[in-house]
Amino acid sequence: MRKPRDIDSELSALVERAKLLKDKRVRQFGELVTSTGADARPVEIIAGALLAIGDATDSEREAWHVRGAAFFQKGGNATGRAHAKRGAGAARSGGAQSVDADEGAA
């Protein structure tokens, strides 16, 4: 005879796992903001950039996806320091740089 499943304990374990994953996502987002130097930018600029995502083309989103994936593969912190050293002027003039250009700068 099979042992009956304890659905309640399985459900509570899944809820706990979901909570841990949400906490991890929030923590990683904070690390991303800090490592890219975005925490030093005015909140209006960050809000404007996030709103621009909605108006972006699919090719722009794909380019951002590639840059983001490269950022996480590098560990993030080295790229973030490079962005912080270049300052706001470089970020304004080179917002659409390729991943290769960032790798050469880091």
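Of note:
- Members of region 1-21 found to be in a helix (DSSP H, G or I) and among the hydrophobic types (A, V, I, L, M, F, W, C), listed by number: I7, L11, A13, L14, V15, A18, L20, L21
- Boolean, A70 is touching a helix residue (DSSP H, G or I) at 6+ places or on another chain (Cβ under 8 Å), modelled with pLDDT of 90 or more and either closer than 21 Å to G30 by Cβ or among the small types (G, A, S) (or both): yes
- Residues satisfying the criterion are absent from region 74-83 (criterion: of a type in the set (S, T, Y) and modelled with pLDDT of 90 or more).
- Count - residues of region 14-43 that are in contact (Cβ under 8 Å) with a residue 40 or more places away in the chain and under 11 Å from the mean Cα position of the chain (by Cα): 5
- Filtered by the rule that a residue be basic (K, R) and within 15 Å of G68 (Cβ to Cβ), region 13-45 gives a lone residue, R25.
The values are calculated or read from the model by the stated rules, or taken from the named source; none is laboratory data. The model shown is predicted, which means the values in this text are computed figures rather than measured ones. Here the Cβ is made from the backbone with ideal geometry for all residues, glycine too, and neighbour counts use every protein chain on show.
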